[in-house]
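Comments concern the structure below.
The values are calculated or read from the model by the stated rules, or taken from the named source; none is laboratory data. What you see is a predicted model; the values in this text were computed from it and never measured. Ligands, DNA and RNA are excluded from the accessible area calculation, which covers all protein heavy atoms including side chains. Shrake-Rupley method; radii C 1.70, N 1.55, O 1.52, S 1.80 Å.
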Amino acid sequence: MMKEMNPYKNIFIVGVMAVLFSANAFAGGGLSAGSTALQTFLTWLFGIVCTASSIHFIYVLIMIKVGTKGWGEALISLGGAAIAGAALVATQWAQAIFQ
């Protein structure tokens, strides 16, 4: 038979982990250092998303040329790239509110 877990044990473990790892976060240089790190991360993320979206769109265009996909799927791919880019821009906008 399986032993029933105590739900407070999980809460305790999460609390201990938060205490252990929060010291590094508090000593990380404050809000300006965190904002700079987040901005650097978002810059890299923009590049990764742009590259991945471009590769996927080119793949769909090749599949259209071969004849296995239609133009509707190219529009869906383009829409997905637009949504991914919009999510990143919304993240950057939300970050700018708190600076």
Give me, ordered by chain and number, the residues 5 or more places off residue 69 or on other chains with an amide H under 5 Å from its own placed amide H. 64
Taking a probe of 1.4 angstrom, what is the accessible area of residue 83 in Å², to the nearest 10? 120 Å²
Per the rule of 0.36 nm per residue minus the C-alpha distance, extending residue 75 to residue 96 adds in nm 4.4 nm
With every protein chain in place, the accessible area of residue 57 for a 1.4 Å probe, in Å² rounded to the nearest 10, comes to 60 Å²
